[in-house]
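Undergrad: Quick one: the structure is below, and I'll ask about it shortly.
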Amino acid sequence: MRKIASLVISLFVFAACNDNPKEDQVVLTSSSGNINNLSVIIENELWNGEVGDSLRKVLAAPVDGLPQEEPLFSISQMPPEAFSGFVRKNRIFLRVQKGKEANVKVAENPYARPQTGVLISGQTNEEIINQLEEHSEEIVKAFKETEIKEKQRRMKKSLKDDKRLEEELGLSLKFPTAYRYAKEEDDFFWIRKDIKNGSMEILAYEVPRHVLEKDTNVIGNIIAMRDSIGQKHIPGPLEDTYMITEEAYAPYLFESQIDGKFAWETKGTWEVKGAFMAGPFLNYAVLDEKNDRYVVIEGFAFAPSAMKRDHMQEIEAILKSADIK
């Protein structure tokens, strides 16, 4: 099977796949668009058939770890003739071309900057669908990385001082001034942002390495760690209530990297023991071999009856900015 083209291909190669290559030989301007808004350029007939069904299955799949179903991307479909002018400035887009050699290409900054564009081609519907399914992970990853970087770029315009984090935990985090320190202790930090009818929270602390490596049940050890931190530091609205990991469903566990270091990535739902409160969380336990510890950075959101995808992406962008000294 054909390998996916390089994640970064030159502008002239991508432009060669378009009908009017000369039109694209211009100085790149700034891209536009809301975070997670994806433009899909495809003939209406294909969009309303099996190709469109396959695209929606991949690009509008539910986000892992949220309490209700929300799609990976908010999709706007348009026919190829509408993809011109200002519309080409959309930060992430995917284009489907039927009648050409089966292939997938991912381009960086083809019409604007920053921008990621994906071109999927095939002689038949089946070839297009096969290309999409074969490279779905790479395609979604490319779009998600672009949106995380864009979110981080926007947040850098006004950053909160993280000097205390560096002094106590050897940790640097880039988060906006809209957040405030709710609790500061020698080994535990709770950072909060108020939102409409709720809040977004960041936690930072450290645990000895053996806490997560005492046996092979890593997810069980992470849950026990979270629950002990919740009981000690995160009280609920009533006496003797506190935050725990949702007991009904085990969270997702992945191997990941933060600041070039191995990390356990855990995402799922938190709840308050003894009260009706819940929401999504994202936790990274980052292995700091030099200091024989895990640096734990976590974000969670409380926003009843509201969509939480974009809140959690902001939290992810903050956590992925971590620099461990």
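Undergrad: Here are some conditions: (1) farther than 24 Å from E70 by Cα; (2) open to solvent by 30 Å² or more (accessible area, probe 1.4 Å); (3) out of contact with any helix residue (DSSP H, G or I) (no Cβ under 6 Å at 6 or more places or on another chain). Y242 meets all but one. Which one does it not meet?
TA: Unmet condition: (3).
Undergrad: Looking at the range 64-85, which of its residues are part of a loop (DSSP other than H, G, I, E, B) and open to solvent by 40 Å² or more (accessible area, probe 1.4 Å)?
TA: Those that are part of a loop (DSSP other than H, G, I, E, B) and open to solvent by 40 Å² or more (accessible area, probe 1.4 Å): D64, P67, Q68, E69, S84.
Undergrad: Exactly one of (1) more than 30 Å from P251 (Cα to Cα); (2) open to solvent by less than 10 Å² (accessible area, probe 1.4 Å); (3) within 26 Å of the chain's Cα centre (by Cα) is unmet by L59. Its number?
TA: Single failed check for L59: (1).
Undergrad: Taking the stated definitions as given, is T177 of a type in the set (V, I, T) and either more than 23 Å from the chain's Cα centre (by Cα) or open to solvent by 20 Å² or more (accessible area, probe 1.4 Å) (or both)?
TA: Working: of a type in the set (V, I, T): yes; either more than 23 Å from the chain's Cα centre (by Cα) or open to solvent by 20 Å² or more (accessible area, probe 1.4 Å) (or both): yes.
Against the criterion (of a type in the set (V, I, T) and either more than 23 Å from the chain's Cα centre (by Cα) or open to solvent by 20 Å² or more (accessible area, probe 1.4 Å) (or both)), T177 qualifies.
Undergrad: Could you please let me know if K320 is more than 18 Å from P71 (Cβ to Cβ), buried (at least 20 other Cβ atoms within 10 Å of the Cβ) and either in contact with a helix residue (DSSP H, G or I) (Cβ under 9 Å, 6 or more places away or on another chain) or hydroxyl-bearing (S, T, Y) (or both)?
TA: The answer is yes for K320.
Undergrad: Could you check the range 192-231 and list, in sequence order, the residues that are part of a helix (DSSP H, G or I), under 25 Å from A275 (Cβ atoms) and either of a type in the set (S, T, N, Q) or in contact (Cβ under 8 Å) with a residue 24 or more places away in the chain (or both)?
TA: Within the range 192-231, I219, I222, I223, M225, R226, S228, I229, G230, Q231 qualify.
Undergrad: Hey, another quick one. Restricting the search to the range 108-141, which residues are within 16 Å of the chain's Cα centre (by Cα), farther than 17 Å from K89 by Cα and open to solvent by 10 Å² or more (accessible area, probe 1.4 Å)?
TA: The answer is S136, E137, E138, V140, K141.
Undergrad: Could you list, in sequence order, all residues of the range 86-107 that are touching an Asp or Glu at 6+ places or on another chain (Cβ under 6 Å) and either without any contact (Cβ under 8 Å) to a residue 40 or more places away in the chain or assigned to a helix (DSSP H, G or I) (or both)? Step through it out loud before you land on a result.
TA: Taking the range 86-107 as the starting set, the residues that turn out to be touching an Asp or Glu at 6+ places or on another chain (Cβ under 6 Å) are 102.
None; the set is empty.
Undergrad: Something else about it: Six or more apart or on different chains, Cβ under 7 Å: which pairs go from a residue in the range 244-255 that's closer than 15 Å to D227 by Cβ and at pLDDT 95 or above to one that's open to solvent by 60 Å² or more (accessible area, probe 1.4 Å) and not in a loop (DSSP other than H, G, I, E, B)? Could you list them?
TA: I244/K273
The values are calculated or read from the model by the stated rules, or taken from the named source; none is laboratory data. Bear in mind that the values here come from a model prediction, so they are computed numbers and not experimental data. Every residue, glycine among them, receives a Cβ derived from its backbone with ideal geometry; neighbour counts consider all protein chains shown. Just so you know, the surface numbers come from the protein's heavy atoms only, side chains and all, with ligands and any DNA or RNA stripped out. Shrake-Rupley method; radii C 1.70, N 1.55, O 1.52, S 1.80 Å.
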